[in-house]
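The values are calculated or read from the model by the stated rules, or taken from the named source; none is laboratory data. Please read all numbers here as calculations on a predicted model, not as lab measurements. All Cβ positions, even for glycine, are placed from backbone atoms using ideal geometry, and neighbour counts span all protein chains on display.
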There are 2 protein chains.
Amino acid sequence: MTEAKQTDADTGGATSARVATYLRDLILRDELKPGDRIRQEDIAARLGASRLPVREALRMLEAEGLTEHARHKGARVPRLSMHEVDVIYRMRERLEPLALAESLPLLTDDDHARLEDVQRRIEDNGDLDRFLELDREFHLGTYSACHIDPLNAMVARLWNSTQHYRRAYVAMGGRSRMWVVNAEHRLILDAVVRRDSTDAERFLEGHIRRTRIELGHHPAVFGEPS
Amino acid sequence: MTEAKQTDADTGGATSARVATYLRDLILRDELKPGDRIRQEDIAARLGASRLPVREALRMLEAEGLTEHARHKGARVPRLSMHEVDVIYRMRERLEPLALAESLPLLTDDDHARLEDVQRRIEDNGDLDRFLELDREFHLGTYSACHIDPLNAMVARLWNSTQHYRRAYVAMGGRSRMWVVNAEHRLILDAVVRRDSTDAERFLEGHIRRTRIELGHHPAVFGEPS
DNA sequence: TGACACAGGATTGGATCCAAAATCTAGGCC
DNA sequence: GGCCTAGATTTTGGATCCAATCCTGTGTCA
């Protein structure tokens, strides 16, 4: 484990928060899929750390709903049913307009320009994996001026726990709906730039609702991973 | 630390989940207040365990928003500003009607009877501390048939993180509003028993909104604890 | 041939030990 | 007398070791 120290240097020290970030990222990238088991020793070795920070990280992720634990059986990435994902989208429909309303008055012209740029890149882009990333960046970007921690954390959590299913949907047939998404993003963005909170909230809520309904039409997304 | 094992036996083994429950309870009972520091060794000794499960428990609570951590400085119970509590209540206004809608069709007649009983006990009761407990039991009881974990967890979290401020408000002057609370509970409960989701959601949302506005009229609740 | 039981390996849970960082205290200096 | 600095103490962070539990593979017996 001499090379460990090097890996350690790369990552800048493997604190439990860093391990949590690493694991969260693996799950978001779909390198850890629902049902996958997470072995403490594996992760520890990969990051050149001991199992202890891994255990703390797993506890954090557990509280975030990104992993589930069974005593003496270890951690897994939880599988969500279609109904659970549906409810999570309903939660998003209600929470994200609130986050947007909190953020909107505080967004600067620079922020607007950044969001315009992200949306342009979404429209230019054909790659589905890149789309997922930019779509997230667009939405969370519109909330970025909201500094209420519980709200931010909760919104991020809802995105994180459904990331796998978003990806599966987009990969499966969501491509054809891309132009609708873009049109809706444009409506939201215009309202944001006008600082019209009422419109922005309404358009956002509709956007999430329609996405949710679309998801409900693709039950295959929730089938067994392999 | 020979007596440790005995304490251990009392609590039935001090796993990290148990430590987390213990700490969560301390915070909910206001024995740990916003700003208070939590020393790992203290808790470990009190529960007759080593510091390790305490550390894991603190990580869980951190992810739940019940504690905050600074590297090498330890854990504290976070202080919330009036604005933060206000936003948390807005989150409740939106999320709890959803939880109620999910739960309502699944509540049995037994559940209804139980809720009636809880509400009766609230009305009979003068003790403020007991009121906090029963009020929580009433509301979470109406959501109890909803088995969507992310939603349940989030609602519980919102209640937990504002518990101290609810207590401060009730202790300070909320007493005079008790009859309003009871009337609103009655409206909600009747709608629940009728299985009228629309009414139930509307009454619940209004109930939380009015509570939030009331809280905003008592800025002293958010003053320094001591 | 199938099902059950036992044993060995693998994996997690918990305790103790050591290192690093922060806080507190005391002393010196301006 | 107040402020700054240096050392000691306290507290947290991380690693390693041991115990408890679970999974797996093999063997035996019906």
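The requirement of being assigned by TED's automatic domain parsing to the domain that holds B:Arg202, modelled with pLDDT of 95 or more, of a type in the set (A, V, I, L, M) and not in a loop (DSSP other than H, G, I, E, B) is not satisfied by B:Ala171.
Taken over the stretch B:21-45, residues that are in contact (Cβ under 8 Å) with a residue 24 or more places away in the chain, within 15 Å of DNA strand D (Cβ to nearest atom) and not β-branched (Val, Ile, Thr) amount to 8. Note on the stretch B:59-74: residues that are surrounded by fewer than 21 Cβ atoms within 10 Å (Cβ to Cβ) and farther than 15 Å from B:Ala156 by Cα total 7.
In the stretch A:76-85, the residue that is farthest from DNA strand C (Cβ to nearest atom) out of those that are more than 9 Å from chain B (Cβ to nearest Cβ) and in a helix (DSSP H, G or I) is A:Met82. For A:Arg51, are the conditions met, namely being farther than 26 Å from A:Glu224 by Cβ, within 14 Å of chain B (Cβ to nearest Cβ), over 21 Å from the mean Cα position of the chain (by Cα) and within 14 Å of DNA strand C (Cβ to nearest atom)? Against the criterion (farther than 26 Å from A:Glu224 by Cβ, within 14 Å of chain B (Cβ to nearest Cβ), over 21 Å from the mean Cα position of the chain (by Cα) and within 14 Å of DNA strand C (Cβ to nearest atom)), A:Arg51 qualifies. Are any of the residues in the stretch A:175-194 modelled with pLDDT of 95 or more, among the hydroxyl-bearing types (Ser, Thr, Tyr) and out of contact with any Pro (no Cβ under 9 Å at 6 or more places or on another chain)? No: the stretch A:175-194 contains no residue that is modelled with pLDDT of 95 or more, among the hydroxyl-bearing types (Ser, Thr, Tyr) and out of contact with any Pro (no Cβ under 9 Å at 6 or more places or on another chain). Only residues that are assigned to a loop (DSSP other than H, G, I, E, B) and touching a strand residue (DSSP E or B) at 6+ places or on another chain (Cβ under 9 Å) were counted across the stretch B:12-64, and they come to 5. The residue that is farthest from the other protein chains (Cβ to nearest Cβ), counting only those in the stretch A:99-111 that are of a type in the set (A, V, I, L, M, F, W, C) and without any contact (Cβ under 8 Å) to a residue 60 or more places away in the chain, is A:Leu106. B:Leu52 meets the conditions (1) more than 14 Å from DNA strand D (Cβ to nearest atom); (2) over 22 Å from A:Val155 (Cβ atoms) in every case but one. The failed one is (1).
Of the listed requirements (1) surrounded by 20 or more Cβ atoms within 10 Å (Cβ to Cβ); (2) farther than 25 Å from A:Met82 by Cβ; (3) within 14 Å of chain B (Cβ to nearest Cβ), A:Ile188 misses just one: (3). Scanning the stretch A:130-176 for residues that are in contact with a Gly (Cβ under 8 Å, 6 or more places away or on another chain) and either farther than 16 Å from B:Glu64 by Cβ or buried (at least 20 other Cβ atoms within 10 Å of the Cβ) (or both) yields A:Pro150, A:Arg157, A:Ser161. I'd like the residue in the stretch A:62-75 that is of a type in the set (A, V, I, L, M) and more than 8 Å from chain B (Cβ to nearest Cβ) and, out of all such residues, is nearest to DNA strand D (Cβ to nearest atom). Only one residue fits best here, namely A:Ala70. Annotation: of all residues in the stretch B:126-146 being in a loop (DSSP other than H, G, I, E, B) and touching a helix residue (DSSP H, G or I) at 6+ places or on another chain (Cβ under 8 Å), the one that is nearest to the other protein chains (Cβ to nearest Cβ) is B:Cys146.
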